[in-house]
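Each reported figure results from applying straightforward, stated rules to the coordinates on display, with no laboratory input. Quantities reported herein were computed from a predicted structural model and do not represent experimental measurements. Backbone-built Cβ (ideal geometry, glycine too); neighbour counts: all protein chains shown.
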Amino acid sequence: MVNYKELGLVNTREMFKKAVAGGYAIPAFNFNTMEQMQAIVQAAVETKSPVIMQVSKGARNYANGTILRYMAQGAVEYAKELGCEKPEIVLHLDHGDSFEICKECIDNGFSSVMIDGSSLPYEENIALTKKVVEYAHKFDVTVEAELGVLAGVEDEVSSAVSHYTKPEEVVDFSTRSGCDSLAISIGTSHGAYKFTPEQCTRDPKTGKLVPPPLAFDILHEIEKQLPGFPIVLHGSSSVPQDEVDTINAFGGKLPDAVGIPEEQLREASKSAVCKINIDSDSRLAMTAAIRKHLAENPSHFDPRQYLKPARENMKKMYIHKIVEVLGSDNKL
Ligand code: G3H
Ligand code: 13P
Ligand code: ZN
């Protein structure tokens, strides 16, 4: 049993309060590998940004939960070594789907957990979230819950259709469950194919897909119901076209990949949305750099040769999100 405070990690409470008041959002980047962790820490330190490093069930299966926890502990020490005196790093469980997995993470150094009961009937979602909150709060661990369903398919997180969050339910849900933040559904979804071509229009000049706008009316209604309450957006990768083009130019096949336009995420960051989840953009940045490097250097076989540009490309993307989209720079 280890508490996150012993590891130099922080929970989300103060971080979210400041972000809501300051009109910016904290980046929540998923990580599965050492290179992602290094790039996240370098970007956060260089921009003086708080950061949430999040671990999915898929990441735990891939890399091992214990290893990821030690990597987060290493991230704190690495940030200090890079010159950040007081890093604000959260280790967060992404899409926890049971009380048991949340407990295991809380007992092993996570400072924040998500209990995703969004696919359950309303009352069961409340009951499960409340059970996790009661345990987590004993250790000052913060809890994210989800109301409404995101569409999209990923390894461990999938739903064929989305159901927007109902604003009339948010006060009852957050009060009775006791959650510290609430993930909502307003049109974002997981993965690199957030909308079908049929849901989009085509830009006549570029031929590229233009997605439908997020449901800002629902977001604003939720803010009205729960003034100042921390709101979370999942599925918020932008799927940068240049990375998709690089992947496709060097042997990849990602036809019609489309994400959330950055202007909309910028707008959301200024509202009560104080945590924005980004995973797919990191995958794209890494894959684009590796494909390009290997195509241009066919004799290379040392992983360091292609993982170094991959790490650089992810770091560039993380810095861009922090400074140009979420506005969480210079907040330490
Ligand atoms: O929300 C889902 C995240 O992108 C994690 O995806 O389950 O494939 O690790 P994953
Ligand atoms: P993206 O697939 O848009 O990066 O979303 C990630 C996410 O929501 C992780 O929980
Ligand atoms: Zn998610």
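Take the Cα of L254, go 7 Å toward its beta carbon, and the backbone nitrogen atoms of the range 276-301 under 18 Å from that spot belong to 277-296. Each label point is 7 Å from the Cα along the Cα-to-Cβ direction; what then is the distance between the points at E221 and E296, in nm? Going by the 7 Å Cα→Cβ label model, 5.0 nm.
R0 = 25 Å: FRET efficiency of D242 with E267, Cβ-based, nearest 0.05? Let's see the in-between values first.
On the way: r = 22 Å, r/R0 = 0.89.
Between D242 and E267 the formula returns 0.65.
Each part reduced to its alpha carbon centroid, the range 216-248 and the range 61-94 end up 25 Å apart. Dividing the helix sum by the residues of the chain, where each DSSP H run of 4 or more adds -39500 (n - 2.57), gives a mean residue ellipticity at 222 nm of -13500 deg cm²/dmol.
Sorted ascending by nearby beta carbons within 10 Å, beginning with the fewest, M114, M37 become M37, M114. Screening the chain for DSSP H helices whose Cα atoms reach 18 Å or more along their own axis and whose mean Kyte hydropathy is at least -0.5 gives 34-47, 65-81, 280-296.
In the range 236-332, which trypsin sites (Lys or Arg not before Pro) fall in coil by DSSP and have 14 or fewer other Cβ atoms within 10 Å?
K253, K270
Per 0.36 nm of contour for each residue apart, how much would the distance between K205 and K316 grow if the chain were fully extended, relative to their Cα-Cα spacing? Intermediate values should be presented prior to the final figure.
Numbers: separation 111, 0.36 × 111 = 39.96 nm, distance 2.80 nm.
Between K205 and K316, full extension yields an extra 37.2 nm.
Once C-alpha pairs closer than 8 Å and six or more residues apart are averaged by separation and normalised to the residue number of the chain, the relative contact order reads 22 percent.
Shown is the FRET efficiency for Y62 and S98, computed with R0 = 30 Å from the Cβ-Cβ distance and rounded to the nearest 0.05: 0.95. Note on Q305 and L82: with the Förster distance fixed at 30 Å, the Cβ-Cβ geometry gives a FRET efficiency of about 0.80. When the chymotrypsin sites (Phe, Trp or Tyr not before Pro) in the range 224-316 are filtered for DSSP coil states and for at most 15 other beta-carbon atoms within 10 Å of their beta-carbon, the remaining sites are F301.
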